[in-house]
Amino acid sequence: MPMSPYVRDLRARVGHDLLLLPGVTAIIRNGDRFLLVRQRGSELWGLVGGGVEPGEEPQDAVAREIAEELGLDSVVVRRIVGAYGGADLVTEYPNGDRVSYVTIAYECELPPMAEISFADHELVEARWFSEADAALIPTRPWVDRILQDVVRSR
């Protein structure tokens with residue numbers, strides 16, 4: 001998804017300087033497997049997620065991100081797994097914009113027989129992985145930490 005009007009306004013004021021932004025992450029689970037996604041232009045696998053807009057409840061934001069990225073409107077948001085930040089969630093985009101995300105991770109469930117479609121064309125691939133299989137593929141640095149927490153908290 002393109003930059004939100006809120007972030008665009010901030011960027012007009014601060015340029016490429018580091019922004020601290022709130023985010024949400026969806027841990028979509030099917031038994032012992034997790035849905036991981038790959039964004040256009042990246043070989044790294046990650047989880048569905050994105051920014052929280054001003055005035056938006058984080059739980060609503062995670063449902064919105066799933067709808068935008070996977071084309072699914074009837075997701076069930078179950079529970080908060082944890083909150084994450086730190087060096088693993090600092091990103092520099094190709095245009096030089098720097099962001100440090102603090103994200104709330106939610107365990108989510110897709111409706112039975114859900115048909116995934118890459119609605120906003122941000123993602124190019126989605127696959128189900130066990131935690132062990134996810135450890136063997138190239139993922140964003142924070143993915144293993146979140147998956148370990150969701151498995152431990154069961």
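Observations on the model:
- Restricting the range 126-152 to residues that are free of Cβ contacts under 8 Å to residues at least 60 places away in the same chain and assigned to a helix (DSSP H, G or I), the residue that is farthest from L44 (Cα to Cα): R152
- Candidate set from the range 109-153 (those that are modelled with pLDDT of 90 or more and hydroxyl-bearing (S, T, Y)); member that is surrounded by the most Cβ atoms within 10 Å (Cβ to Cβ): T139
- Verdict on Y106 being surrounded by 18 or more Cβ atoms within 10 Å (Cβ to Cβ), closer than 18 Å to N30 by Cβ and of a type in the set (F, W, Y): yes
- Enumeration of residues in the range 59-96 that are out of contact with any Ser or Thr (no Cβ under 9 Å at 6 or more places or on another chain), under 16 Å from A114 (Cβ atoms) and not in a helix (DSSP H, G or I): D73, S74, V75, V76, V77, R78
The values are calculated or read from the model by the stated rules, or taken from the named source; none is laboratory data. Computed from a predicted model, the values in this text were never measured in an experiment. Cβ: placed from backbone, ideal geometry, glycine included. Neighbour counts: every protein chain shown.
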